1. Of 265, 282, 257, 232, which residue is under 21 Å from residue 335 (Cα atoms), out of contact with any strand residue (DSSP E or B) (no Cβ under 6 Å at 6 or more places or on another chain) and outside any loop (DSSP other than H, G, I, E, B)?
2. Six or more apart or on different chains, Cβ atoms under 9 Å: show the pairs whose first residue is in region 69-81 and touching a residue at least 40 places away in the same chain (Cβ under 8 Å) and over 17 Å from residue 155 (Cα atoms) and whose second is open to solvent by less than 70 Å² (accessible area, probe 1.4 Å) and hydroxyl-bearing (Ser, Thr, Tyr).
3. When the residues of region 251-297 are filtered to those that are farther than 22 Å from residue 314 by Cβ and under 26 Å from the mean Cα position of the chain (by Cα), which remaining residue is most open to solvent (accessible area, probe 1.4 Å)?
4. Within region 311-328, track down each residue that is open to solvent by less than 10 Å² (accessible area, probe 1.4 Å) and in contact with a Ser or Thr (Cβ under 8 Å, 6 or more places away or on another chain).
5. I'm told residue 308 meets every condition in (1) under 30 Å from residue 207 (Cβ atoms); (2) more than 26 Å from the chain's Cα centre (by Cα); (3) surrounded by fewer than 18 Cβ atoms within 10 Å (Cβ to Cβ); (4) small (Gly, Ala, Ser) except one. Can you identify the failing condition by its number?
6. Restricting the search to region 308-345, which residues are part of a loop (DSSP other than H, G, I, E, B), of a type in the set (A, V, I, L, M, F, W, C) and over 28 Å from residue 130 (Cβ atoms)?
7. If a residue must be more than 18 Å from the chain's Cα centre (by Cα) and open to solvent by less than 50 Å² (accessible area, probe 1.4 Å), how many such residues does region 192-218 contain?
Amino acid sequence: MKRSIQKLLVCVIATLTFVALSPPGAVAADLPVVKMIATGGTIAMKIDPVKNAPVPAISGEDLVATVPEIAKVAKIEVLNLANVPSDYMDPALWVKLQKAVVEALARPEVAGVVVSHGTDTLEETAYFLDLTVSSDKPIVLIGAQRNASEKDFDGPRNLLNAARICVSSDARGKGAMVVLNNQINAAREVTKTHTSDVETFKSGDFGFLGNADNDRVIFYRAPLRRQHVPLVQEKLPYVEIVSMYGGADGAMVRAAVAAGAKAIVVQGLGWGNMNIPMFEAVQEAIAKKVAVIVSTRVPNGRVLPVYGFKGGGKTLKEAGAVMADNLPPQKARILAMLALQKTSDPVELQKLFDR
């Protein structure tokens, strides 16, 4: 009996000694991997003492270091893809980012991808990834409204929440999401609504998908209007955005056609209406086989072919224009660029915008 007790004590002591001497990373050996792809933005900026203004300054590794508790959530792997203001993001960078995201999600040990990004064009990058990445694993895009030199820098909280969402089983199948201020938004619906508030990203009439609360990540709904449009070429077709406003003369539509645009998104008024000069310019563009997609400057609601006056939505539809549904111009442009890889037929384009 004494020998049995002695053996048991030896085993317990040996086990405790092994745990005590194990390297710090050994405890996290079974944690899922989250790939963080850094692209820059305010979340990667500090105040430059000479310029007295925020400029790109920190890497993805620097950002992760601000959140030591993230090591309890996942093993974070960092890829510094770029360090630019999101105002500099363009289709070439979107394609490069998409490839990095697809490559990361293809690895079975990776639970999800976090993309750190500036907030100015964050919703565009999110929608591009939502359309072109077919994996069910979550893609969480984060940014910050305050730079890393400020005492209330919001980047660390957003990064921690993004990692928590990536490892949540409920996040699968939700596509690309934008997460700031504990709030989860769907890529198709989200937009920046305030220049400086931390609660800037909202989803209009549809609301948030869920919240990253202190105790757990909770989803209240799923984004149902999602589709996959494969990325088949690295150089995407040129699509321009032109605004309609009181007194617009159609010159910018004609200039876009002359510059070689394959499609033009017109930011119309109301349900998708415009004046006679713009309507005539649109007719000319369609006659030259340039696709015209009609969106609206109104933040909520769909464009619909209702009005029958010259330049009204009904006459635009009859002229061969495509209705952008409830997509704002910047997102309608992204869907158009991807769709034009395969077709410029207005009927086929309309099917994609109706999904």
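1. From the options 265, 282, 257, 232, the qualifying one is 257.
2. 81/39
3. 262
4. 324, 327, listed by residue number.
5. Unmet for residue 308, out of (1) under 30 Å from residue 207 (Cβ atoms); (2) more than 26 Å from the chain's Cα centre (by Cα); (3) surrounded by fewer than 18 Cβ atoms within 10 Å (Cβ to Cβ); (4) small (Gly, Ala, Ser): (1).
6. 309
7. As a first pass, look at region 192-218 and keep what is more than 18 Å from the chain's Cα centre (by Cα): 196-197, 205, 213-218.
The next check asks that each one be open to solvent by less than 50 Å² (accessible area, probe 1.4 Å); those that pass are 217-218.
Of the residues in that region, 2 qualify.
The rows are residues; the columns are (1) among the hydrophobic types (A, V, I, L, M, F, W, C); (2) at positive phi; (3) in a loop (DSSP other than H, G, I, E, B); (4) modelled with pLDDT of 95 or more.
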| residue | (1), (2), (3), (4) |
| --- | --- |
| 30 | no, no, yes, no |
| 46 | no, no, no, yes |
| 58 | yes, no, yes, yes |
| 61 | no, no, no, yes |
| 69 | no, no, no, yes |
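The values are calculated or read from the model by the stated rules, or taken from the named source; none is laboratory data. These figures come from a predicted structure and were not determined experimentally. Heads up, the Cβs are rebuilt from the backbone with ideal geometry, glycines too, and the neighbour counts pull from every protein chain shown. Only protein heavy atoms, including side chains, enter the accessible area calculation; ligands, DNA and RNA are left aside. Shrake-Rupley method; radii C 1.70, N 1.55, O 1.52, S 1.80 Å.
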